[in-house]
1. Among the lysines, which have Cα under 29 Å from the Cα of K116 when same-chain residues fewer than 8 positions away are ignored?
2. Given a cut-off of under 8 Å on Cα pairs at least six residues apart, what relative contact order in percent is computed for region 93-205?
3. Can you give the local net charge around N239? Use residues other than it whose beta-carbon is closer than 14 angstrom to its beta-carbon, Lys and Arg +1, Asp and Glu -1.
4. What lysines sit close enough to K308 to cross-link, taking a C-alpha to C-alpha distance under 26 Å and skipping anything fewer than 8 places away on the same chain?
5. What residue among S219, S286, S153 has the largest mean-square fluctuation in a Gaussian network model of the chain, using Cα springs under 10 Å?
6. Okay, which of region 55-90 sit inside 16 Å, backbone N to the point 7 Å along the Cα-Cβ direction of R210?
7. Which value, in debye to the nearest 20, gives the size of the charge dipole of region 97-277 about its Cα centre, when Lys and Arg are +1 and Asp and Glu are -1 at the Cβ?
8. What angle, in degrees between 0 and 90 and rounded to the nearest 10, separates the Cα long axis of helix 286-304 from the longest principal axis of the Cα atoms of the chain?
Amino acid sequence: MSDSFTIWFDHRPTPELADLAPPDMTVIWPDSADHLDGIEHADGLIAGASIIYNQSVFERAPKLSVLARVGIGFDNIVLDDATAAGVAACNTPDGPTVSTAEHALALIFAITKQLKESENRLQRQEGNYVALHNALELDGANLTLIGLGRIGSRVARVAIAAGLSVTAYDPFEPAERFEALGVRRSDDLTEAVSEAQIVSIHAPLNSETRHLVDSDLISNMLEGVFIINTARGALVDDNALLEGLNSGKVRGAGIDVTEPEPLPAGHPLLKHESVLVTPHVASATSAGRKRIFTMALDQVLSAFAGIKPSHILNPEVWPGRNSNNGDT
């Protein structure tokens, strides 16, 4: 393996993460106001979610042969542009599973138990706390998952162990997965959410799923439903969610992803008593970060070694720009 390879991170990694790269690699990142500073030196790239990787970006990186997205979602990578540029684009679908599923479950527990509202009442010294507290008992409650992939499946296993009855809508997963998990399958999204006391979103974002949860879908949910989103902000129409919250149709929401991201100060969702917002940090545990970055680096290093990355998103590009690549 050549010692001339340079790996560009699109933001400054912690020293522990930077040290995951082999010592014979040069690791760089933007060091100025230009968020693409240094990308022209990149042979490989570790990508987060904040930059849209399109033709204009690839034109600034003439040496780039492989890009690895840290996480499952890759909606910020224009695959057609990557392919046209000869860049192998990859993701790390197994990296954020555990931490993100745990965060989704934490939000489910927090909002159904009204932790934010209860703490705020205490901060205001309102008194009469027990009478005002009206949490949902989860044992026997109905949870619907929109998406039963890696993260949704893990949420389902823990939820079932906690006594919830779980339904899922996912037209792309085989019946065997539903059966193995003990999850009821619904082939109609509206039907899937119609009896749910809690709806948790774990779907990918694309042109067909943008604003999947809109006013029409919310209108078909139970009165007082709780909505959780740890997938992508644009899966939910924020105006529809706010309308549902203000009318009481939606009793509470726990969201780690938003549109825009992060939410600006003063946004109505940040000020809402029944909404708990975290700034897209679901996968950001120490173990999760290390797992994701290790997997992303493995994709990049495989490409450098002439081995087709295991999670390449545009396999038709291989071997792409890297003249050392074989057809492995």
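We did not get these values from a lab; they are worked out from the coordinates using the rules stated. Predicted, not measured: the structure shown is a model, and the values here were computed from it. Cβ coordinates were reconstructed from backbone atoms using ideal geometry, including for glycine residues, and neighbour counts include every protein chain displayed.
1. Within the straight-line cut-off, K116 pairs with K249, K271.
2. RCO, region 93-205: 28 percent.
3. Here the count lands on -4.
4. Filter leaves K63, K290.
5. S286
6. Answer for region 55-90: 74-80.
7. Values: 15 positive and 25 negative charges, 109 e Å.
With Lys and Arg at +1 and Asp and Glu at -1, about 520 debye.
8. Between helix and principal axis, roughly 30 degrees.
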